[in-house]
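Structure record follows, encoded as structure tokens.
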């Protein structure tokens, strides 16, 4: 799904990836079974924001087309309004980001375990005590 990094948002502005297959708005609209104006509206609302060329033209990836189909399904089959769909997309993006972070941390833990295999590791607790600092009075 299309997202802003870090904010969990539904939209982002990005440049087309080199070598990635993209579609003009007319082709993406046909693939998704919608009118091109609907795609422009979804872009304006931040539901599905495609890549942009340096000239500002929209270029839809296969992922964008799949997301357009999902937006249509949620709207027509499930009766979800556009604000609800935007929230679903945002939450899905957050879940995907958290899953990626979990995979990264899991790999890091495995790497640390492998590095410490056969060694004794001492865990030193960090102090969480609050200490009030008072400067010494000069005499």
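Just so you know, all these numbers are worked out from the coordinates, no wet-lab data involved. Source: prediction; values computed, not measured. Don't worry about glycine lacking a Cβ; one is built from the backbone with ideal geometry, like all the others, and counts go over all protein chains shown.
At a glance:
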read-out	value
Ellipsoid semi-axes in whole angstrom, largest first, where each is sqrt(5λ) of the Cα gyration tensor of the stretch 98-139	40, 18, 8
Protection-proxy order for peptides 98-106, 77-85, each taking the mean of Cβ atoms within 10 Å per residue, highest first	77-85, 98-106
Kirkwood hydrodynamic radius of the stretch 20-116, Cα pairs, Å	15.2 Å
Efficiency of FRET between residue 109 and residue 20 - r from beta-carbon atoms, R0 35 angstrom, step 0.05	0.60
Peptides 44-52, 119-127 ordered by average Cβ neighbours within 10 Å, highest first	44-52, 119-127
Folded to 0 to 90 degrees: helix 62-76 orientation relative to the chain principal axis, Cα	80 degrees
